[in-house]
Amino acid sequence: MTLPQNNREYGTKEYWNSRYTDETPDDTFDWFKSYEDLADDIRTLIPDKSARILMLGCGNSKFSEDMWDDGYKNIVNVDYSAVVIERMQARNSKTRHEMQWHEMDVRSLTFPDSAFDVAIDKGTMDAMMTSSSDVWNPPEQVVNDCVAEVSEVLRVLRATGSFIYITFGQPHFRKRFLTGEHAPNTRLEIKTLGEAFHYFMYVLRKGS
């Protein structure tokens with residue numbers, strides 16, 4: 001794994017393309033929690049295994065692969081790294097050939113409105129925040145990037161869809177990006193995960 005010289009590189013396409021190029025096609029990395037860790041929560045939040053699910057910033061995580069193996073057969077993965085999308089598509093071409101992979105920026109999705117039942121972000125929004133060390137007063141670009149992602153996610157979610165965001169970011173640092181004028185008619189739920197070190201699962205529901 002190629003580590004960045006500074007955390008800001010986590011928010012650049014160049015870093016990720018370079019990292020994925022250096023890794024083998026079978027390498028995997030999961031931010032925060034694996035699917036096994038979160039499976040019970042995911043099954044509760046998404047009881048319908050035919051739901052159309054959008055995985056935001058999929059990287060080479062096994063999360064969507066493990067969801068597929070657990071019965072969720074309608075998953076669309078996006079990442080702005082062309083390198084990882086090509087590799088993941090090849091890796092899953094035989095065993096999970098119906099799973100979709102698209103090179104796409106989460107801040108500017110090209111899907112039509114109301115195309116998905118659920119969207120999942122596990123670490124992608126966090127990567128966009130690494131350009132600043134000031135969590136209390138992030139720069140305007142960070143705020144704009146995160147708001148753009150949430151706005152696009154809500155656009156492509158159906159009328160009663162849900163956005164599941166998994167992060168180590170505490171509520172007083174993350175709620176600003178999930179609530180406000182860009183997220184009308186939504187309800188935010190927050191669940192704390194873990195014991196020694198806490199992670200958080202934010203569920204933003206439309207139509208509330």
From 106, 147, 118, 156, residue being at pLDDT 90 or above and in contact with a Pro (Cβ under 8 Å, 6 or more places away or on another chain): 156
For region 47-68, which residues satisfy the criterion of being in contact with a helix residue (DSSP H, G or I) (Cβ under 9 Å, 6 or more places away or on another chain) and over 19 Å from residue 87 (Cβ atoms)? 49, 53, 54
Enumeration of residues in region 47-60 that are open to solvent by 70 Å² or more (accessible area, probe 1.4 Å) and in contact (Cβ under 8 Å) with a residue 12 or more places away in the chain: 48, 49, 50
Meets criteria (open to solvent by less than 70 Å² (accessible area, probe 1.4 Å), among the polar types (S, T, N, Q) and at pLDDT below 95) for residue 21: no
From 157, 178, which residue is of a type outside the set (Gly, Ala, Ser), in contact with a Leu (Cβ under 9 Å, 6 or more places away or on another chain) and under 16 Å from residue 78 (Cα atoms)? 157
Name, by its number, the condition in (1) more than 15 Å from residue 164 (Cβ to Cβ); (2) modelled with pLDDT of 80 or more; (3) open to solvent by 10 Å² or more (accessible area, probe 1.4 Å); (4) polar (S, T, N, Q) that does not hold for residue 44. (1)
Criterion violated by residue 168 - all others in (1) open to solvent by 10 Å² or more (accessible area, probe 1.4 Å); (2) modelled with pLDDT of 90 or more; (3) in contact with a His (Cβ under 9 Å, 6 or more places away or on another chain) satisfied: (2)
Scan region 197-206 and tell me whether some residue there is touching a residue at least 12 places away in the same chain (Cβ under 8 Å), open to solvent by 80 Å² or more (accessible area, probe 1.4 Å) and more than 25 Å from residue 104 (Cβ to Cβ). yes
Looking at region 61-112, which of the residues that are touching a residue at least 24 places away in the same chain (Cβ under 8 Å) and basic (Lys, Arg) is most open to solvent (accessible area, probe 1.4 Å)? 73
Can you find even one residue in region 156-163 that is open to solvent by 20 Å² or more (accessible area, probe 1.4 Å) and more than 21 Å from residue 44 (Cα to Cα)? no
Within the bounds of region 182-192, is there any residue that is surrounded by 13 or more Cβ atoms within 10 Å (Cβ to Cβ), in contact with an Asp or Glu (Cβ under 8 Å, 6 or more places away or on another chain) and over 20 Å from residue 53 (Cβ atoms)? no
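The values are calculated or read from the model by the stated rules, or taken from the named source; none is laboratory data. Since we're looking at a predicted model, the values are computed, not measured. All Cβ positions, even for glycine, are placed from backbone atoms using ideal geometry, and neighbour counts span all protein chains on display. The area values use the complete protein model at the heavy-atom level, side chains included, leaving out ligands, DNA and RNA. Shrake-Rupley method; radii C 1.70, N 1.55, O 1.52, S 1.80 Å.
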